Every structure is written in structure tokens, then in C-alpha cells.
Amino acid sequence: MGVRIAWGITGAGDVLGETVAIMKEVLKNYDLEVHVYLSKEGETVLKFYKLFEEVKESFPRVRTEKGPNAPFLSAKLQLGEYKLFLIAPATANTVAKMAHGIADSLITNSAAQAMKVDVPVYIFPVDQKEGEVITKLPDGRDLKVRIRKEDVENVERLRRMRGITVLGQIGEIEEVVKKIC
Ligand SMILES: Cc1cc2nc3c(=O)[nH]c(=O)nc-3n(C[C@H](O)[C@H](O)[C@H](O)COP(=O)(O)O)c2cc1C
């Protein structure tokens, strides 16, 4: 049996397709067991981008948030069932909450509880650099959005937080996996 990790997906459409591709790639190339946990909006946005069925078909365990402790991911993390908790992609909302110690959703609560017992948490926030970026709409069209200074500041706050590693690029996920496999 492979190394077991928990992978949290929040409601960010930006780089969602790339993230799902990387998830499948690391599953194929490494001795891993990936359990997927979706925020409520993570499920909504996966459906918007027509990726929900693909994720369900590719991963044996996909659970969607009912509340901060349901499913009880925080306990599984604290009891050592997972080698690490990876959150990708992370919305500006989830990052803002975590940066300010709020733990009222499945992903933010699980991350906070994991950090309390030194289970490594990795996060890939979509909004990392201030300024304009082009993102893909669910129908394939481009949309120009401006990343806010406040959201970038929250990412910087997370970078300084003990127990969590902010990934600057989505490609760094493979390095994280390689280290534990
Ligand atoms: C189609 C779609 C795409 C979205 N993409 C993003 C995104 O790229 N980044 C972001 O921060 N929020 C995005 N949102 C908004 C979040 O889903 C929203 O802030 C939500 O409350 C996040 O909840 P969560 O952090 O618990 O997943 C998107 C929403 C929709 C409907």
C-alpha cells in the first residue's frame, strides 16, 4: 500500500484543470494513496469546470465538506492517518481565513488541527502575485482578473506561519510527493 495523503480542493477555478492533471500524474508515478477532500465550493467549482466526475473516477475516496468536522478529516490528520495535508488549489477565501486563525470550514479547520500536531501542511494559493492575470472560464474563454494586494498579504502571512509551506508554483507539488515516496 502506498503512502497516504489528504488532498484538499477549494473553490478556485484558476489552475483547477492543471491541478487535477497533476493529481492524476503523481498518482500514476508515485506509490501514493490520495484521499480527496472538497470544500463545498470546491465541489461546486469542479462541477462548473466539468471536472467533478473525472476526479471521482480517478480517486477511490472523494468526500465533500458538510461542516468543519464532517467528514472528520481533522481527527484523521491528528491521529497520523495521513503523511501530509496538501491544499491545492486554495482560494483567496481559504487563505484569508487560515492567515487569520479562522478554522470554521473543513479545509481551514483540518489545516489548523494538523499544524497543532506537526503534520506537515502544504498549500498552493491561486492569488500569489499582485496584478492582472488571465484565467480560464469554464467555457474556455479567457478572463482578466486583478489579484488584490490584501490577498497577496494573506499569502505572505501564511508563509511566515509555523507548520505550513506555501508552494509558489503548482509544479512544486511533485517535489513534495517525491520527498515522502
Ligand atoms: C466558477 C468559479 C470559479 C472561481 N474561481 C475562484 C478562484 O480562482 N479564486 C478564488 O479565490 N475564488 C474563486 N471563486 C470563488 C470561491 O469559490 C468563493 O470565494 C468560495 O466562497 C470559496 O470557498 P472555499 O474557500 O471554502 O472553497 C470561484 C467561484 C466560481 C463559481
In terms of the alpha carbon gyration tensor, root eigenvalues a ≥ b ≥ c, rounded if a/c is under 1.5 and otherwise prolate when a/b exceeds b/c or oblate, region 3-180 is rounded
Label-point separation in nm, D104 to K50, each point 7 Å along Cα→Cβ:
3.6 nm
Show the residues, 5+ positions off or on another chain, whose built amide H is closer than 5 Å to the amide H of R4.
E33, K83
Once phi for every residue in region 158-165 is put through the Karplus expression 6.51 cos²θ - 1.76 cosθ + 1.60 (θ = phi - 60°), the whole-Hz ³J(HN,Hα) values, with Gly and Pro written as x, are 5, 4, 8, 7, 6, x, 10, 10
5 angstrom amide H check on V15, placed H, neighbours 5+ away:
K136
Two pseudo-spin positions, 7 Å from Cα along C-beta at E81 and at E132, lie apart in nanometres by 4.7 nm
Once amide H atoms are built 1.01 Å from N in the peptide plane, which residues 5 or more positions from E130, or in another chain, come under 5 Å H to H?
none
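Of all beta bridges DSSP finds with both residues in region 104-181, what is the antiparallel percent, to the nearest 5?
Percentage antiparallel, nearest 5: 65.
Remind me, relative contact order of region 3-180 in percent, using alpha carbon pairs under 8 angstrom and six or more residues apart?
So the answer I get is 24 percent.
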For the chain, share of DSSP beta bridges that run antiparallel, in % to the nearest 5:
25 percent
Could you calculate the contour length gain from E57 to I180, that is, 0.36 nm times the residue separation minus the distance between their Cα atoms, to one decimal place in nm?
41.8 nm
Hey, what number do you get for the chain at 222 nm if only DSSP H runs of n ≥ 4 count, each worth -39500 (n - 2.57), divided across all residues, to the nearest 500?
-12000 deg cm²/dmol
List, in the order given, every pair from K149/K178; K116/K144; K24/K149; K83/K144; K83/K149; K40/K149 whose Cα-Cα distance in the structure shown is over 31 Å.
K149/K178; K116/K144; K24/K149; K83/K144; K83/K149
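Here, each number is a calculation from the coordinates, and none is a lab measurement. Remember, it's a predicted structure, so these values are computed and weren't measured experimentally. Note that each Cβ is placed from the backbone with ideal geometry, even for glycine, and that neighbours are counted across all protein chains shown.
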